[in-house]
Each structure stands twice: as C-alpha cells, then as structure tokens.
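J.: My questions all concern the structure below.
The values are calculated or read from the model by the stated rules, or taken from the named source; none is laboratory data. Because the structure is a prediction, the values reported are computed rather than measured. We place every Cβ from the backbone using ideal geometry, glycine too, and count neighbours over all the protein chains shown.
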Amino acid sequence: MSEAAAAPAPVAAPRESSLLEIFGVFLQIGATSFGGGVIAYLRNALVKQRQWMDDATFLELMSISNTLPGLNATNMSILAGNRLKGAPGAFVAILGMCLPGFVFMTVAGILYGAHGDRTLVTAALKGVAAAAVGLIAATWYQLGKKSIHSNFDAVVILLAVVGINQFKLSVPVVLLVVGALAIYYHRPGAVHKESTSEWINSLR
C-alpha cells in the first residue's frame, strides 16, 4: 500500500459564512425554537445544515455557555457568532436570536393575560414543555456519543447530575469541582489506556 493511499483523508474546513447568513439563521432559530430545545435547533443549523462548525467545536462553545451567567441560548448565539465573524457576527447573531422572541413574547404576554386561564392554553403549554425536554435529551445523547471517551468522562457527568439534582448544589460550585477533576485527569502528559469502549467490551 502506498503512502498516499495510507494517509487519512483531510478533514473538511468549516464553510464560510456572511453576516446576512448568520442573521438569517439565528432569526429563524429564534422564531421557531421552543424553550430549552433551542440547543437542538442550534446544533442542527450550525453543525448539520450549514456546516459552519463541527460537533467538537459546538460542544466547546456549549460548555463555555453553561459556565457563564445568563440564558444559554443568548450565550450560545454570541459565542457562535463571534466564532464565525468576530464581534459583528456576535452582534447580528444575538440580534437575530432575540428579535423574534421580543416580538412574540410581547404579543403572548398580552394574550396570556387575557386568556391564560383557559384549559386548552394550559394543555398546549404542557405539551410544548414536554417536547422541549425531548429535544434537549436527543441533542445531549448525540453529543455524548462523540464526547465521552473514557470511564472518567462518564463519572464526571454522573457527579454533576448527582451534585445538582440530589445535593442541590449550585451550578458554579459543581462546575468548579468537576472542572478541577477533569483538568487534572486530562492534564498534558497523562496516559490513560482504558477507553469506555474497551471497558464495555471487557464486561462481555
């Protein structure tokens, strides 16, 4: 086999984007996403459809977004827009994301004040909330398959879930603790032989 045939195929570079495209994409996401499910819409638009970034980059931005105060959707918009086109990209991304919500919520607030106590309205809101949870779960599952590479990564996830849900610790405290553990585990020069797939295969 020749060296050319043995060499791995080059990874495709992220596709270029314009400010108008960024604004249009985030405007569409802001107008069509529901609740916490916005993360699923963001991944679908930025990674799968537009190919402006890969899953690893998206996960990095989402990790940063979760450690910052404020809404996750707006944080992600600023980070993603800045990644694509610097400060102008961040501006048009956050504008596109927030503009539909501002208009819709102003109208919804007026309508909810007049009709919010109706049974059909309550039922519809419960259905939308359930759908948003499903979208988040599906996105985390897809990202988890590509980001969990060892038993330790799975333990970090478990510690974060238990710390927040069972011990009612604040998110910053949990992030500081598991972040410190993760930094130490993945420090430069550290060697870890066992991967999650190897560990699972050993149980069979």
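J.: Would you please name the residue that is farthest from V174 (Cα to Cα), looking only at residues in the stretch 65-81 that are surrounded by fewer than 19 Cβ atoms within 10 Å (Cβ to Cβ) and within 10 Å of the chain's Cα centre (by Cα)?
T.: Per the stated criteria, the residue is N72.
J.: Considering every residue within the stretch 51-74, establish whether at least one is in a helix (DSSP H, G or I), outside the structural domain of L27 (by TED's automatic domain parsing) and among the acidic types (D, E).
T.: There is no residue in the stretch 51-74 that is in a helix (DSSP H, G or I), outside the structural domain of L27 (by TED's automatic domain parsing) and among the acidic types (D, E).
J.: Quick check: is even one residue across the stretch 104-111 surrounded by 12 or more Cβ atoms within 10 Å (Cβ to Cβ), assigned to a helix (DSSP H, G or I) and modelled with pLDDT of 85 or more?
T.: Yes: the stretch 104-111 contains one or more residues that are surrounded by 12 or more Cβ atoms within 10 Å (Cβ to Cβ), assigned to a helix (DSSP H, G or I) and modelled with pLDDT of 85 or more.
J.: Inspect all residues belonging to the stretch 42-50 and state whether any of them is within 20 Å of Q142 (Cβ to Cβ), part of a loop (DSSP other than H, G, I, E, B) and at pLDDT 90 or above.
T.: yes
J.: Does T139 fit the bill of being more than 27 Å from A56 (Cβ to Cβ), assigned by TED's automatic domain parsing to the domain that holds F58, polar (S, T, N, Q) and part of a helix (DSSP H, G or I)?
T.: No; evaluated as a whole, the condition is false for this residue.
J.: Please work out if V47 is surrounded by 22 or more Cβ atoms within 10 Å (Cβ to Cβ) and in contact with a helix residue (DSSP H, G or I) (Cβ under 9 Å, 6 or more places away or on another chain).
T.: Against the criterion (surrounded by 22 or more Cβ atoms within 10 Å (Cβ to Cβ) and in contact with a helix residue (DSSP H, G or I) (Cβ under 9 Å, 6 or more places away or on another chain)), V47 does not qualify.
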